1. Quick one: Karplus J couplings for region 149-163, per residue in order, coefficients 6.51, -1.76, 1.60, θ = phi - 60°, nearest Hz, x for Gly and Pro?
2. Using θ = phi - 60° and the Karplus form 6.51 cos²θ - 1.76 cosθ + 1.60, what ³J(HN,Hα) does each residue of region 45-54 get, whole Hz, x for Gly and Pro?
3. Give me the 1.4 Å probe accessible area per residue for region 16-85, excluding ligands and nucleic acids, in Å².
Amino acid sequence: PLLASLSFVEGSASGQVESLLYTFVVDLRVPELWPVLQKILQLPLMFAAHSGKHELFCLWQLGLQEPRQIWDTFIHEKALKLGRDYHRYRTAKSRNELDEIKAKSESLREEEFGCSLIQTCLRHGIHYEMEGAKDRLQESFLKHPEEAPFSEEQIRYAAEDAIAVARLYPLQVLQ
């Protein structure tokens with residue numbers, strides 16, 4: 001784990017979806033920050049993530065306990081589809097194994113793409129600032145030297161994911 005990004009949403013008395021967003025990016029390579037992060041994770045708040053299993057694995061790898069409540073925006077999008085991309089629907093009349101394998105592969109690709117953070121943001125009318133750079137920036141973390149500081153763009157990208165999820169959460173709850 002390299003970075004953790006958190007966006008806290010402060011609601012307004014008027015019931016608007018969001019009033020203020022406070023976004024933080026934490027360098028997880030600094031072990032002295034882990035106890036502070038653990039205290040935040042134990043707050044009685046709803047935590048949201050997109051494909052949260054990755055975040056959970058990172059927390060566990062650091063020896064941190066997961067939050068009590070987690071909303072996964074990816075799982076929500078999958079639940080809304082309720083199997084509409086199931087591969088057997090594409091090959092209902094075919095008994096050909098090759099057709100089934102191709103259909104399954106195609107269904108999985110479409111599901112991953114359709115439920116991706118960028119596509120989910122597009123469906124909900126949320127602007128995702130780093131859309132064109134997401135793949136390149138994800139790759140930059142894989143190749144990032146262990147002791148090197150993160151670039152401003154990498155930090156902005158990590159923050160953008162947290163901001164997008166913070167904006168998605170109330171819209172999905174209303175859905």
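1. x, 7, 6, 4, 5, 5, 5, 4, 5, 4, 5, 4, 4, 5, 5
2. Each residue of region 45-54 in turn: 10, 7, 9, 10, 8, 10, 6, x, 4, 5 Hz.
3. Numbers: 4500 Å² over 70 residues.
Dividing the accessible area of region 16-85 by its residue count gives 64 Å².
The values are calculated or read from the model by the stated rules, or taken from the named source; none is laboratory data. Owing to the predicted nature of the structure, the values given are computational and were not obtained by experimental measurement. The area values use the complete protein model at the heavy-atom level, side chains included, leaving out ligands, DNA and RNA. Shrake-Rupley method; radii C 1.70, N 1.55, O 1.52, S 1.80 Å.
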